[in-house]
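Right, one structure below, let's go through it.
The values are calculated or read from the model by the stated rules, or taken from the named source; none is laboratory data. Source: prediction; values computed, not measured. Here the Cβ positions follow ideal geometry from the backbone for every residue, glycine too, while neighbour counts run over all protein chains shown. When the accessible area is computed, the model is the full protein with side chains, heavy atoms only, and any ligands, DNA or RNA have been set aside. Shrake-Rupley method; radii C 1.70, N 1.55, O 1.52, S 1.80 Å.
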Amino acid sequence: MADETSATPRRDPIKNPVGNTAAQRRRQNAVSVAKERREALFRTKRLCRVGVSSDTDAPGDSDMMIEEEQSILEAQTSAAVEELKTAIAFQGKGAVQKKVNALRDLRRLLSKSEFPPIETAIASGAIPLLAQGLSFGSQDEQLLEAAWCLTNIAAGKPEETRALLPALPLLITHIGEKSSMLVAEQCAWALGNVAGEGEDLRHILISQGALLPLAKMMFPNKGSTVRTAGWALSNLIKGPDPKAATELIKIDGVVEAILRHLRKSDEEIATEIAWVVVYLSALSPVATSMLVKTDLLQLLVERLTNSNSLQLLIPVLRSLGNLIAGDTYTTNAVLVPGHEITDNIILALNKCLKSEHRVLKKEAAWVLSNLAAGSVGHKQLIFKSEAMQLLTQLLTTSPFDIKKEVAYVVGNLCVAPAEGSGRPSLIFDHLVSFVRSGCLLGFIDLVRSADIEAARLGLQFLELVLRGLPNGEGQKLVEKEDGIDAMERFQFHENEDLRNMANQLVDKYFGEDYGLDA
């Protein structure tokens, strides 16, 4: 992601020798987790098969048309659009109910199949008809059916979502305070699908005024409505432009609503609100600064401690990591060594490191790496906890992505915060303990990896070992684990930083005089 905002970088002393890229990495992580959310745990765009009202009909299993020929479904859809045209043109007795019935028939067709006939509906001219169905003064039943149709069309392919552009102003109007809650929620669902499609559509929605009414939909204690609004907002503000996130946090009542729902709401609502916090804290330094001065951190730690919901724990972990990385107030004034909240967050993170879910292990290690980049007191708290054993095990046995995050934690635990631009000093007992427990081989594996960031991290840890262990012990251990061979592969590497780092280490510690005194 482009670095479009000035954010306080993560205090990451092990990375100082080659430059600190923590702020950019934090924003990149927000994007990567958005992709994971879309592809796995959540859909960025959601098909609506069961309406927001409990009174609306829901398709049963027999209605799903799993085995029905797509061509038949498409023919029925074309006929339904033609019927809608007729109904809209009709002016006689029962005209309103005729329109509602026609909209309902089309909505059922767009809700039946896992692959609804969206392309056919658009080609048959459904969009302008559905926009007319949203006309001012229409009955709620008509508005609801029209918005439901548009919701499912917006859940389609990119070009199908973009077909909704003419209807966006009306959808935004109907999420205003004058609309019924059911109509507003269904329109918010449609807008959330549009926002999930891409940055250009998010810009259009924001320019047309979608942010404020969506934010206000979070204010009441209306479960389904808050959940839908939170999901739509997280799609709308997820960047990469930070402007929407900053605008959202400045709306009166937003911070209070976020805190209230994280404190009292069920896990489904809390999950969607936590995703809003993820993007606020990843993209907007203004939002981060405001949020860390509330009791948000305490609420997130409580959710992390008490919940076993994977869907909730992921955004909670990501929010904690962003807040710790993004504002020094977090570690200097809130997560202070000796405070109960600091002990609790370390216990909760250790719980996640022991989880069977690899994504929780990875996220927990990422948060812990940010905390481990704090003061010596923070490093000692982590080191004395169960994390020491867990980190050692994960570094030697985990898949690459987890191993890389764990390596950041271990590296940060082994160095004290640097003063000014100087080289960080070693925390000798931490370094020796990790090396004695077998972590060196894990870092040498990172040096051998094709991942540039991981290789740099591995080289930095080797420098700590070679510099820190006395009487040539570091050289002997690195040589024993084939670390010299791992470094020498960078002799002609295309990356200048890695090439220079590796060559300097080999020259300094394994030069012509190495081994002569043996």
- Item | Test: residue in the stretch 420-427 that is touching a Gly at 6+ places or on another chain (Cβ under 8 Å), of a type outside the set (Phe, Trp, Tyr), at negative phi and buried (at least 20 other Cβ atoms within 10 Å of the Cβ) | no
- Query: Taking only pairs six or more apart or across chains, which ones have beta-carbon atoms under 9 Å, a first residue in the stretch 116-133 that is touching a residue at least 60 places away in the same chain (Cβ under 8 Å), and a second residue that is assigned to a helix (DSSP H, G or I)?
  - Reply: Pro116/Leu73; Pro116/Thr77; Pro116/Leu109; Pro116/Leu110; Pro116/Asn152; Pro116/Ile153
- Would you point out the residue of the stretch 120-136, among those that are under 36 Å from the mean Cα position of the chain (by Cα) and open to solvent by less than 30 Å² (accessible area, probe 1.4 Å), that is farthest from Leu168 (Cα to Cα)? Thr120
- Task: For the stretch 349-373, enumerate the residues that are over 12 Å from Val409 (Cβ atoms) and surrounded by 24 or more Cβ atoms within 10 Å (Cβ to Cβ).
- Result: Glu363
- Task: Check off (1) closer than 22 Å to Phe490 by Cβ; (2) surrounded by fewer than 24 Cβ atoms within 10 Å (Cβ to Cβ); (3) at pLDDT 95 or above for Ser433 and give me the number that stays unchecked.
- Result: (1)
- Residue by residue through the stretch 458-494, note down the ones that are in contact with a Phe, Trp or Tyr (Cβ under 7 Å, 6 or more places away or on another chain) and not polar (S, T, N, Q). Gly458, Phe461, Leu462, Leu466, Gly468, Ile484
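Give the residues of the stretch 332-345 that are more than 21 Å from the chain's Cα centre (by Cα), open to solvent by less than 10 Å² (accessible area, probe 1.4 Å) and of a type in the set (Val, Ile, Thr), sorted by residue number.
Residue satisfying the conditions is Thr342 alone.
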- Note on the structure: All-but-one check, Trp148 against (1) within 21 Å of Thr86 (Cβ to Cβ); (2) surrounded by fewer than 19 Cβ atoms within 10 Å (Cβ to Cβ); (3) within 35 Å of the chain's Cα centre (by Cα), failing number (2)
- Among residues belonging to the stretch 303-317 that are touching a residue at least 24 places away in the same chain (Cβ under 8 Å) and open to solvent by 10 Å² or more (accessible area, probe 1.4 Å), point out the one that is nearest to Glu272 (Cα to Cα). Gln311
- When you go through Ala155, Ala210 one by one, which is the residue that is under 23 Å from the mean Cα position of the chain (by Cα), open to solvent by less than 10 Å² (accessible area, probe 1.4 Å) and touching a residue at least 24 places away in the same chain (Cβ under 8 Å)? Ala210
- Message: Please count how many residues of the stretch 84-115 are more than 41 Å from the chain's Cα centre (by Cα), open to solvent by less than 20 Å² (accessible area, probe 1.4 Å) and touching a residue at least 40 places away in the same chain (Cβ under 8 Å).
- Response: 0
- Of the residues Glu68, Glu141, Glu74, which is at pLDDT 95 or above, open to solvent by 10 Å² or more (accessible area, probe 1.4 Å) and either farther than 17 Å from His174 by Cβ or in a helix (DSSP H, G or I) (or both)? Glu141
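Output the residues belonging to the stretch 213-251 that are over 20 Å from Ala282 (Cβ atoms) and either of a type in the set (A, V, I, L, M, F, W, C) or open to solvent by 10 Å² or more (accessible area, probe 1.4 Å) (or both).
Answer for the stretch 213-251, where residues must be over 20 Å from Ala282 (Cβ atoms) and either of a type in the set (A, V, I, L, M, F, W, C) or open to solvent by 10 Å² or more (accessible area, probe 1.4 Å) (or both): Pro213, Lys216, Met217, Phe219, Pro220, Asn221, Lys222, Gly223, Ser224, Val226, Arg227, Thr228.
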- Please indicate, with yes or no, whether at least one residue in the stretch 107-125 is part of a helix (DSSP H, G or I) and under 15 Å from Cys187 (Cα atoms). yes
- Query: Could you give every pair whose Cβ atoms fall below 7 Å, whose first residue belongs to the stretch 484-496 and is aliphatic (A, V, I, L, M), and whose second residue is outside any helix (DSSP H, G or I), counting only separations of at least 6 or pairs across chains?
  - Reply: Ile484/Phe510
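Results for (1) within 22 Å of Asn193 (Cα to Cα); (2) charged (D, E, K, R); (3) touching a residue at least 24 places away in the same chain (Cβ under 8 Å); (4) out of contact with any strand residue (DSSP E or B) (no Cβ under 9 Å at 6 or more places or on another chain), shown as yes or no for each residue.
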{"residue": "Leu233", "(1), (2), (3), (4)": "yes, no, yes, yes"}
{"residue": "Thr246", "(1), (2), (3), (4)": "yes, no, yes, yes"}
{"residue": "Asp252", "(1), (2), (3), (4)": "no, yes, no, yes"}
{"residue": "Glu256", "(1), (2), (3), (4)": "no, yes, no, yes"}
{"residue": "Asp266", "(1), (2), (3), (4)": "no, yes, yes, yes"}
{"residue": "Ala287", "(1), (2), (3), (4)": "no, no, yes, yes"}
{"residue": "Lys293", "(1), (2), (3), (4)": "no, yes, yes, yes"}
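One line per residue, one yes/no per condition, for (1) under 23 Å from Leu300 (Cα atoms); (2) under 27 Å from the mean Cα position of the chain (by Cα):
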residue: Val359; (1), (2): yes, yes
residue: Leu371; (1), (2): yes, yes
residue: Gly374; (1), (2): yes, yes
residue: Ile382; (1), (2): yes, yes
residue: Asn412; (1), (2): no, yes
residue: Leu426; (1), (2): no, no
residue: Arg448; (1), (2): no, no
residue: Ala454; (1), (2): no, yes
residue: Gln460; (1), (2): no, no
